[in-house]
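In what follows, a single structure is set out as structure tokens and then discussed.
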Amino acid sequence: MIRILRYTIDELNPLPVYEFLKNKGYSRNLIRHIKKEDQGILLNGRCPFVTDMLKPGDHLQITIKDNEPAKAVTPTPMDIKIIYEDEDLLIVNKNADIPIHPSLNNYHSSLANGLSWYFKENGQNCVFRCINRLDRDTTGLTVIAKNMLSACILSEMARNRVICRSYLAVVTGEITKGGTISAPLSRKENSIVERKVDFIEGVSAITHYEPIKWGKGHTLLLVRLETGRTHQIRVHFKHIGHPLPGDYLYNPDYRFIKRQALHSYQLAFTHPITQKNMKFEAPLPEDMNFF
């Protein structure tokens, strides 16, 4: 996929091309990639050095030619709920039982497979780049970057925690007041998957929650992550005695739901290219509305 961006320089303080692009969110590796392309960078119609100084009124054109999609990801027809799409990103409401990436003995049923098929069918030569990865059985909103620049900026936003993520979770037991769980997490011994609360060697993990409704031995919570650790919500609520039902790792109770009762409900962030405020919501799945 080719993405062309055009900038008219209006800064009064001169900057070299390299620094201007860095300020726009281009990484060093991305600038290096663009430089290798024929006419990847044009300044007033000519190929400049990245050390050339920009002045007000200059026209800078950047052409980003993406890498080839990974051949190991087989395009697979799939029912994908696309909430939003433009040149730079795509928002998907992911179904349950769909991993983000292919894995051992599961090469064809991931979101990467499904979107590879979607991109191919629509003539989009996009590499699959997922920004906020969800567990296989967690439903809801996830962001896919469609080019190297949007991936670069969105990934940095995720690292700096400026992509606001809210979840809906059903937990065992009744919680009638909101609160915060601050409990560091680490990998469980002898497991490459499970996590545990670890106040000695764990990394910081903070979860905020507010009850929406409760009854019949369960509570529906609105959960906001201040950090984004692996299995954070699942481990934190088990830690305080309110595990998620249907969680095969931390609470394999399948009487009410056949998967962990967790849904990526809301995403809010600034568009990486247009700088517009973006906000998306995905309603509670039917299988989580069991009380």
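Data overview
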{"item": "Residues of the stretch 220-233 that turn out to be farther than 13 Å from Ser186 by Cα and in a helix (DSSP H, G or I), as a count", "result": "1"}
{"item": "Candidates Gly123, Gly114, filtered to the one that is at pLDDT 95 or above and either assigned to a helix (DSSP H, G or I) or surrounded by fewer than 21 Cβ atoms within 10 Å (Cβ to Cβ) (or both)", "result": "Gly114"}
{"item": "Residue within the stretch 63-72 that is closer than 26 Å to Gly25 by Cβ, of a type outside the set (Lys, Arg) and under 18 Å from the mean Cα position of the chain (by Cα) present", "result": "no"}
{"item": "All positions within the stretch 205-223 that are polar (S, T, N, Q) and more than 19 Å from Ile257 (Cβ to Cβ)", "result": "Thr207"}
{"item": "Test: residue in the stretch 85-92 that is modelled with pLDDT of 95 or more, over 16 Å from Leu149 (Cα atoms), touching a helix residue (DSSP H, G or I) at 6+ places or on another chain (Cβ under 8 Å) and not in a loop (DSSP other than H, G, I, E, B)", "result": "yes"}
{"item": "Residue within the stretch 53-69 that is without any contact (Cβ under 8 Å) to a residue 60 or more places away in the chain, buried (at least 17 other Cβ atoms within 10 Å of the Cβ) and assigned to a helix (DSSP H, G or I) present", "result": "no"}
{"item": "Tabulated pairs, the stretch 236-257, first closer than 15 Å to Gly217 by Cβ, second buried (at least 16 other Cβ atoms within 10 Å of the Cβ) and of a type in the set (D, E, K, R), C-beta under 7 angstrom, 6+ apart or interchain", "result": "Leu244/Arg234; Gly246/Arg259; Asn251/Lys238; Ile257/Asp287"}
{"item": "Selection from the stretch 174-192 of residues that are of a type outside the set (Ser, Thr, Tyr), loosely packed, with under 10 Cβ neighbours inside 10 Å and in contact (Cβ under 8 Å) with a residue 12 or more places away in the chain", "result": "Lys177"}
{"item": "Selected residue (only one of Tyr18, Tyr7, Tyr26 is surrounded by 12 or more Cβ atoms within 10 Å (Cβ to Cβ), within 29 Å of the chain's Cα centre (by Cα) and over 22 Å from Ala145 (Cα atoms))", "result": "Tyr18"}
{"item": "Residue within the stretch 162-171 that is loosely packed, with under 15 Cβ neighbours inside 10 Å and over 30 Å from Lys71 (Cα atoms) present", "result": "yes"}
{"item": "The stretch 196-218, subset touching a Phe, Trp or Tyr at 6+ places or on another chain (Cβ under 9 Å) and not hydrophobic (A, V, I, L, M, F, W, C), residue nearest to Tyr248 (Cα to Cα)", "result": "His218"}
{"item": "Flag for Ile98 being touching a Phe, Trp or Tyr at 6+ places or on another chain (Cβ under 6 Å), outside the structural domain of Ile206 (by TED's automatic domain parsing) and either of a type outside the set (Phe, Trp, Tyr) or in a loop (DSSP other than H, G, I, E, B) (or both)", "result": "no"}
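The values are calculated or read from the model by the stated rules, or taken from the named source; none is laboratory data. Everything numeric in this text was worked out from a predicted model, so none of it was measured. Methodologically, a virtual Cβ is constructed for each residue, glycine included, from the backbone with ideal geometry; neighbour enumeration extends over all protein chains shown.
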